[in-house]
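Read the structure below first, then the notes.
The values are calculated or read from the model by the stated rules, or taken from the named source; none is laboratory data. If you're wondering where the values come from, they're calculated on a predicted model, not measured in any experiment. Cβ placement follows ideal geometry from the backbone for every residue including glycine, while neighbour counts extend to all protein chains displayed.
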Amino acid sequence: MGIIKLPETGEIEFVALGELADYLELRTFYSEKARKVIVYVGEAEVKVTALNPFVQVGGRTVQLPVETGYAENDILVPLRHFANVIRPLYPRAWPASLGGSEATGETASANLTEIAVEEKANGTLIRIEATQPFARKHLSTRVSTGWLYVDIVGGRVAPGAVRALAATGLIQSVAPVQTGEVAQLSFQLSQEIDPQRISISGQGNQILISLPTQEIVPSTVLRNLETVRQKWRIDTIVLDPGHGGRDPGAIASDGTREKDITLQVAKRLKRMLEEKLGLHVVMTRDSDVYVSLDQRTSLANSVEGKLFVSLHCNANRSRRVNGTTTYFLGPAKTDEALEVALLENSVVKYDADAPVDTQSEEDFILTAMAQNAFNHESEDFAALIQEEMGLAVGLPDRGVHQAGFRVLVGASMPNVLVEMAFISNPKEVRLLRDAGVQDRMARAIMNSIKRFKEKYEAGS
């Protein structure tokens, strides 16, 4: 890494944030809207802005002793002081060459600040307030002998975090226990619950656990449910190769076009799904033609698709940004998700017949959520894709996120948008062009569909 000294800051040593992230093998995201970079350190997002001394670390703000700098399209950070900020978050052994003070007691500070139980008309909601987001893979639940156990890897419960409980509610008591790096929350139940109906998700700095009320279902309703279950056999897959025709999508520095890559991968995936799983596959386009966003979901609904998979390549102004991300429909929770959605939604400029959109972003999201009753299934499906893509291709896992992608609005089925890799990254664009890598990507998505189909057709 190149050490830089700025005239206005004396002997303080600065380093380019991109170089530091590469050295520490940390993922980054460069904002298109501002001179801001998000560095992913462990489970925390560290947001750094050019010419600004304030760094946002999860839900708190840290002030550096000097402002950051900016040169050659990258942010310059004071090395020693910035190292002190991220070292406690770093998941591996800290390189001695970078210095930084020894980890302080701050690393063991509580990050679960409130545990509240709310009785709703259709069940019980457990709401856990945190000072940082937790990845879904670090949250788990299990039920045993009248207790619900919630394990949060990396969680630490603050004193007095448990709020008062309703005397007649489902949850009778809460007992938090710290076991190494895992916070285990034990909830005593007043009645048995169905473990398969428990829903757990991370919403920003909140962890939400939903416990629907268990009721005795009449036999006539069960027969109707079986009829519906048969109707929803996952037998028709709709593949949506992003962009096409007059819309090239993102274009790499070597001229590679997103629309070509997405179509190539979609054709490989279609063949695999038909030959190996015996599924009926419909593509929103099978050649280089323009199809509007509305036409894509309309087609998916008209053929009674059971899964909708939209394929894309990501792009960022920084050539360093890399990895795979899968999105499902909902309000954007991160700057990165919002910017990717805005980029993909900009395709409407190619649609001459598109009406002027007068909806605010908030109104659009609310409309999207009202139209899509499959967000839980979509999130599960997205997680499977990320897992399989990581195993098959090995690119950095940028996680599952939700955002307001217009191509997903109105699709009456579980639906996801896969950003397979960054076409703006020189290494990843070479992979995207490689026929063998395209096969591995297609096979990963096929395996995800197979696992999702097995899980949901079994009623789990």
Tally of residues being surrounded by 16 or more Cβ atoms within 10 Å (Cβ to Cβ), touching a strand residue (DSSP E or B) at 6+ places or on another chain (Cβ under 7 Å) and either among the small types (G, A, S) or not assigned by TED's automatic domain parsing to the domain that holds G204 (or both) across the range 132-186: 4
Residue list for the range 278-326, restricted to those being hydroxyl-bearing (S, T, Y) and under 13 Å from P241 (Cβ atoms): T284, S287, Y290, S310
Residue list for the range 47-64, restricted to those being touching a residue at least 24 places away in the same chain (Cβ under 8 Å) and more than 20 Å from L112 (Cβ to Cβ): K47, V48, T49, A50, V55
Suppose we filter V309, V291, V282 for residues that are more than 20 Å from A442 (Cα to Cα) and surrounded by 14 or more Cβ atoms within 10 Å (Cβ to Cβ); which single one remains? V291
When you look at A121, is it among the small types (G, A, S) and either assigned by TED's automatic domain parsing to the domain that holds E45 or farther than 29 Å from K47 by Cα (or both), yes or no? yes
Considering residues of the range 145-163 that are part of a strand (DSSP E or B) and of a type in the set (V, I, T) only, the residue modelled with the lowest pLDDT: V153
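Which fully enclosed helices (runs of 4 or more DSSP H) of the range 355-460 have 1 or more residues being touching a Leu at 6+ places or on another chain (Cβ under 7 Å) and either within 23 Å of R296 (Cα to Cα) or modelled with pLDDT under 95 (or both)?
The helices (runs of 4 or more DSSP H) meeting that bar are 361-371, 375-392, 435-457.
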Please find, among V77, V46, V15, V62, the residue that is over 25 Å from N314 (Cβ atoms), of a type in the set (A, V, I, L, M), surrounded by 20 or more Cβ atoms within 10 Å (Cβ to Cβ) and not assigned by TED's automatic domain parsing to the domain that holds G154. V15
Going through the range 84-98 one residue at a time, which ones are outside any loop (DSSP other than H, G, I, E, B) and of a type in the set (G, A, S)? A96, S97
